[in-house]
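Down below is the structure, laid out as structure tokens.
Derivation of every value follows stated rules applied to the coordinates shown; laboratory data play no part. A quick note: this is a predicted structure, and the numbers were derived from the prediction, not measured. Neighbour counts run over all protein chains shown; Cβ positions are idealised from the backbone, glycine included.
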Amino acid sequence: MSQMSQRTPSNTIPFLEAEELSCATADRVLFSDLSFALDRGSLASLRGANGSGKSCLLQSLCGVARQGVKTKGRVRWQGRAVPFEGLASETMLVGHNPPFLNSLSLLENLRFWARVFAPRDHEQTLPTCARWFALEDFWQAPLSRLSAGEQQRGALAMVALKPHARLWAVSEPEVSLDAQARQQLHSCLQDHLKRGGAAMIALHESLPESLQQKVGCNLMLSEAVSTP
């Protein structure tokens, strides 16, 4: 089993560097021998078939690997070796299934997580969420009444709840989004990179030209296989 990996050429210490990463469950090797480097102000595009380990890679790099998933390898953050869980304070993970309760409104859900991620700044982060993804028109409604696109916009807005997070790890961000919401997402990513952050995005679709210019590494995970 092999993966394509691309190291970012740079004369400076990479923002994030990973060497010989592997991820496996009890009966499957999801990926192995994955190495890459990502600089400040750039993004990594992550592609692969369903089951190839894209979500597991993002979760592991954010220090929240699922139970039963074992990740190995070496990670350096700004040149300093750190354990996977050591990256949790520097990262923000947004996946397909945000930790929201359907019985609460989007605002209530976001307010709860704002207090978790940035208790001192939650009064400022909520307006940022609303502004970035134009949530005000529907965020008072129960989550269960929102369309798939509205729920996705609310999930993506969580990146604003942790303003000190320098690495965004986002899985399939454009799912269910209309053209205007996609433009809002691209604008938020551009602003994050301009501020010196970095992003790692699992996706199937193509990035717009403005973001393709920011790609520092392209990663392709192979299909999962059974362990011997």
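Remarks
- Amide H contacts under 5 Å for ARG40, placed H, 5+ residues apart: PHE15
- Where Cα atoms sit under 27 Å apart: lysine pairs in the chain separated by 8 or more or lying on different chains: 10
- Site pair ARG195 and GLU209 shows an inter-label distance of 2.8 nm when each label is modelled 7 Å from Cα along Cα→Cβ.
- Relative to the longest principal axis of the Cα atoms of the chain, the long axis of helix 122-133 makes an angle of roughly 80 degrees.
- Extending 7 Å from Cα along the Cβ direction at GLU19 and again at ARG66 yields two label points whose distance is 3.0 nm.
- Remark: the chain carries a charge dipole of roughly 500 debye about the Cα centre, counting +1 on each Lys and Arg Cβ and -1 on each Asp and Glu Cβ.
- Taking each DSSP H run with n ≥ 4 as -39500 (n - 2.57) and averaging over every residue of the chain yields -8000 deg cm²/dmol at 222 nm.
- In sequence order, region 24-30 has phi-based couplings of 8, 9, 4, 10, 9, 8, 7 Hz under the Karplus curve 6.51 cos²θ - 1.76 cosθ + 1.60, θ = phi - 60°, and Gly or Pro positions carry x.
- Segments 65-71, 132-138, 54-60, 204-210 sorted - mean Cβ within 10 Å per residue, highest first: 54-60, 132-138, 65-71, 204-210
- Full extension of the chain segment joining HIS96 with VAL175 gains 27.6 nm, where the gain is 0.36 nm per residue of separation less the Cα-Cα distance.
- Listed values (1) 17.4, 53; (2) 17.9, 62; (3) 19.0, 65, entry calculated as Rg and Dmax of the Cα atoms in Å: (1)
- Residues in region 186-194 carry Karplus couplings, in order, of 4, 5, 5, 5, 4, 5, 4, 5, 5 Hz; the curve used is 6.51 cos²θ - 1.76 cosθ + 1.60 with θ = phi - 60°, and Gly or Pro positions show x.
- Relative contact order (percent, whole number), the chain, Cα cutoff 8 Å, 6+ residue spacing: 33 percent
- Distance between the 7 Å Cα→Cβ label points at HIS186 and ARG76: 3.5 nm.
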